[in-house]
1. Taking other Cβ within 10 Å of each residue's Cβ, how do His41, His46 sort, fewest first?
2. Among Phe146, Phe42, Phe108, which comes first, then next, by fewest other beta-carbon atoms within 10 Å?
3. Provide the per-residue ³J(HN,Hα) series for segment 63-68, in order, calculated from phi with Karplus coefficients 6.51, -1.76, 1.60 and θ = phi - 60°, each as a whole number of Hz, with x at glycine and proline positions.
4. When a footprinting reagent is the concern and you count Cβ atoms within 10 Å, what order do Ser124, Ser49 take, fewest first?
5. Where Lys and Arg each count +1 and Asp and Glu each count -1, what net charge lies around Tyr71 among other residues with Cβ under 15 Å from its Cβ?
6. Note the full-extension length gain between Lys129 and Thr74 as 0.36 nm times their separation in residues minus their Cα-Cα distance, in nm to one decimal.
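Read-outs throughout are calculated quantities, based only on the coordinates presented, and are distinct from any laboratory measurement. All values reported here derive from a predicted model rather than from experimental measurement. A quick note on method: Cβ atoms are made from the backbone with ideal geometry, for glycine too, and the neighbour counts reach across all protein chains shown.
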Amino acid sequence: MNPSLRHLVFVTVTGIVGTLLLPGCGVVSFEDASTDPRYSHFVGSHYRSEKPVAIHGISMERDYKPVLDHYTVTGIPGIRGPEVLSQKKFESGVTVKVLRVMRCTDCFLDPGGRVEVVVEVTSSDDFTKAPVKMNIKYLEGPERTFTKIEP
């Protein structure tokens, strides 16, 4: 293949792939899936972390102004970036109550779709200024970090 044609194909494919990946890097939309039979059993349930977790304060402002939008729960070491306003790490024993289940409506490239739970952190009063979110993978599957408990 001609080198300039190969370059043109490369640039075109890179542009298309980059455009498709762009929604994964920006703000995405969610719908409430709390009544969906696949997720409704999570709502109202209590969980305790069995592994270390971090809770991050996140800004969704375009220029990363220090405006708290939400908290997000992750495994350790956690996340970094200009959107992270704060981070608190816990060894284990964080307890949460699931309030809602939210499904991404435009996360086309996430295998199986992106599903998050909105939780109340019941073991601490430090996270009441904004919603607390975490990926549902921390409640089920191979990356499960939380175990269901009785309230």
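1. Working: His41 11, His46 17.
Ascending number of Cβ neighbours within 10 Å: His41, His46.
2. Values: Phe146 25, Phe42 21, Phe108 13.
Ordered from fewest to most neighbouring Cβ atoms within 10 Å, Phe146, Phe42, Phe108 come out as Phe108, Phe42, Phe146.
3. So the J values, rounded to whole Hz, are 9, 6, 4, x, 10, 6.
4. On the way: Ser124 13, Ser49 20.
Going from sparsest to densest Cβ surroundings: Ser124, Ser49.
5. Working: positive: Lys88, Lys89, Lys97, Arg100, Lys129, Lys133; negative: Asp69, Glu83, Glu116, Glu120, Asp125, Asp126.
In short, 0.
6. Numbers: separation 55, 0.36 × 55 = 19.80 nm, distance 1.83 nm.
That works out to 18.0 nm of additional length.
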